[in-house]
Amino acid sequence: MGIILAYFRRPKLDVERIRGVWMDHINGNDEYFQEVIRRICKRNEGIRTAMLAQNAQHAESEAEEDFVLSNIADRVSAFFHQLVEDDVLRDTMALKRHCYDLGRQHAAYSKKQLKISYWEEFTLTMMDVLEQSYPETSKEEQKAWLHFQRFVNENMLDGYLDALSYNSKHA
């Protein structure tokens, strides 16, 4: 019963405010996602290691690691660009599917299992960067962006966990 109530209490995505945050602060500014990746790697060595594991052969020096992490930030930016700019954001089912599919992909290319806590850390870091880099965002915009981040995170995590479960049953 609690799950059903939680579902109905979940706030609807505020598409206009999310697009406003995107258009006013993030779109075309790759520095946002670069800073997110830098901060998350600084905060959590486990996440940094997981991000670099797939490309270990290309990340033998600090400069090469920075290059690999920069490419990851570019891919994150491209994913969010697709969600917001291609109006996937306006179709909740399509948005869920995109996020779920990306979560499944994470299971396929993660060399070691990602801790569940890593997913929330990503959301929190994205909010920290927004609040600190763009203090002019209103509380309503921050709240809309946070709900969007949580929606993305939750559906990616569902895809990731489902893929891990499927892979373990069929290994």
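The values are calculated or read from the model by the stated rules, or taken from the named source; none is laboratory data. Here the structure is a predicted model, which is why all the values come from computation and not from measurement. Positions of Cβ are backbone-derived with ideal geometry, glycine not excepted, and every protein chain shown enters the neighbour counts.
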**Only listed residue being over 18 Å from His25 (Cβ atoms), touching a residue at least 12 places away in the same chain (Cβ under 8 Å), surrounded by 13 or more Cβ atoms within 10 Å (Cβ to Cβ) and in contact with a helix residue (DSSP H, G or I) (Cβ under 6 Å, 6 or more places away or on another chain), chosen from Tyr118, Tyr134** = Tyr118
**Prompt:** In region 11-33, which residue that is of a type in the set (D, E, K, R) and surrounded by 15 or more Cβ atoms within 10 Å (Cβ to Cβ) is farthest from His147 (Cα to Cα)?
**Reply:** Asp30
**Request:** Scan region 86-106 for residues that are more than 12 Å from Phe151 (Cβ to Cβ) and polar (S, T, N, Q) and jot them down.
**Result:** Gln105
**Prompt:** Would you call Glu154 surrounded by 17 or more Cβ atoms within 10 Å (Cβ to Cβ), part of a helix (DSSP H, G or I), more than 15 Å from the chain's Cα centre (by Cα) and at pLDDT 95 or above?
**Reply:** no
**Asked** On the given criteria, is Glu35 touching a helix residue (DSSP H, G or I) at 6+ places or on another chain (Cβ under 9 Å) and at pLDDT 95 or above?
**Response** yes
**Asked** Across region 72-104, what is the number of residues that are closer than 18 Å to Gly28 by Cβ and in a helix (DSSP H, G or I)?
**Response** 14
**Message:** Could you go through region 50-63 and let me know if any residue there is closer than 19 Å to Leu157 by Cα and among the small types (Gly, Ala, Ser).
**Reply:** yes
